[in-house]
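Notes follow once the structure below has been shown.
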């Protein structure tokens, strides 16, 4: 376990996320273009294609109509999202609030505002750490920070929030000041007495727990290691799949994974020893 110092007055009282509305609109409208193009192209292409089976005209027309309707529906949904983007994320002295919509004042109009009070984020003595990240790999592009939360009736539940600060990329592509918001959030948590942080929290957030400066390299290294492992697996399968049995192929793949994991773990501990231990904080002067 390693302990750092966090200053008591290091964080602004309120930090509001600034949503990138222009980028979100470009994403939504840009994604709608291929669907619109397909919806216009398919009937024209079908009309110009030779009819080799006249008896199936009705079925073909039905399938074309269904495909066009699906593509047009997806395009309309993306355009609608692009016309009304917006998400908000606010860190204050009392806690965190976030959700979809233009701003916190109108969050109740959307009905999905989420509030987290600092005083209810507590330590779980049964676990090795209290603040961690989700282990679900399908969330790799939008990792979630997990924590233990004391409910009003006294029960202890595990909750999570997105480290990208938004739930829906079509509502908000990103926050322009995401780093400042994440720093404020983690500094408030660091002042909660006794909380233990898994180092992956700071790796995924891209924040150095000692200096609170941006730290992008470790996460990029993990992605590169994963890509290199995948490339090795695909290369191994392409080279030996035609000459060995499926059992040997599976055994070789497992061996490669174990080797890659060992090399990555050893290299990680050598390069980032501070990010290989549970992290705690103490108040500074």
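The values are calculated or read from the model by the stated rules, or taken from the named source; none is laboratory data. All values reported here derive from a predicted model rather than from experimental measurement. Reconstructed Cβ throughout: ideal geometry from the backbone, glycine too, with neighbour counts over all protein chains shown.
Identify, by number, the condition in (1) at pLDDT 80 or above; (2) under 25 Å from the mean Cα position of the chain (by Cα); (3) within 27 Å of residue 3 (Cβ to Cβ) that residue 260 doesn't meet.
Result: residue 260 passes all but (3).
Would a scan of segment 31-49 turn up a residue that is outside any helix (DSSP H, G or I), at pLDDT below 95, surrounded by fewer than 17 Cβ atoms within 10 Å (Cβ to Cβ) and not assigned by TED's automatic domain parsing to the domain that holds residue 100?
Taking every residue of segment 31-49 in turn, at least one turns out to be outside any helix (DSSP H, G or I), at pLDDT below 95, surrounded by fewer than 17 Cβ atoms within 10 Å (Cβ to Cβ) and not assigned by TED's automatic domain parsing to the domain that holds residue 100.
Against the definition (modelled with pLDDT of 90 or more and either crowded, with 19+ Cβ neighbours inside 10 Å or at positive phi (or both)), how does residue 148 come out, yes or no?
yes
Please find, within segment 16-25, the residue that is farthest from residue 63 (Cα to Cα) out of those that are in a helix (DSSP H, G or I) and in contact (Cβ under 8 Å) with a residue 12 or more places away in the chain.
Top of the filtered list is 21.
With respect to the numbered conditions (1) closer than 30 Å to residue 89 by Cβ; (2) part of a loop (DSSP other than H, G, I, E, B), which one is the sole condition not fulfilled by residue 244?
Residue 244 satisfies all of (1) closer than 30 Å to residue 89 by Cβ; (2) part of a loop (DSSP other than H, G, I, E, B) except (1).
List every residue pair whose Cβ atoms lie under 6 Å apart, where the two residues are 6 or more positions apart in sequence or sit on different chains, the first residue falls within segment 1-15 and is in the same structural domain as residue 188 (by TED's automatic domain parsing), and the second residue, located anywhere, is in a strand (DSSP E or B) and at pLDDT below 85.
Sorted first by the residue in segment 1-15, then by its partner, the pairs are 8/283.
Here is a list of conditions, (1) modelled with pLDDT under 90; (2) more than 17 Å from residue 130 (Cβ to Cβ); (3) crowded, with 20+ Cβ neighbours inside 10 Å, and residue 175 meets all of them except one; can you say which number that is?
The number of the failed condition is (1).
What is the residue count in segment 142-159 for residues that are without any contact (Cβ under 8 Å) to a residue 12 or more places away in the chain and assigned to a strand (DSSP E or B)?
Final tally of qualifying residues: 1.
Of the residues 170, 189, 195, only one is crowded, with 16+ Cβ neighbours inside 10 Å, touching a helix residue (DSSP H, G or I) at 6+ places or on another chain (Cβ under 8 Å) and closer than 24 Å to residue 25 by Cβ; which?
Selected residue: 170, the only one of 170, 189, 195 that is crowded, with 16+ Cβ neighbours inside 10 Å, touching a helix residue (DSSP H, G or I) at 6+ places or on another chain (Cβ under 8 Å) and closer than 24 Å to residue 25 by Cβ.
So, in segment 110-123, how many residues would count as being surrounded by 10 or more Cβ atoms within 10 Å (Cβ to Cβ), modelled with pLDDT under 90 and over 16 Å from residue 162 (Cα atoms)?
Adding up the residues that qualify gives 1.
Within segment 227-264, which residues are within 23 Å of residue 205 (Cα to Cα) and either surrounded by 12 or more Cβ atoms within 10 Å (Cβ to Cβ) or in the same structural domain as residue 204 (by TED's automatic domain parsing) (or both)?
228, 261, 264
Anything in segment 264-282 that is modelled with pLDDT of 80 or more and either closer than 20 Å to residue 233 by Cβ or not in a helix (DSSP H, G or I) (or both)? List them, or say none.
Passing the criteria: 277, 278, 279, 280, 281, 282.
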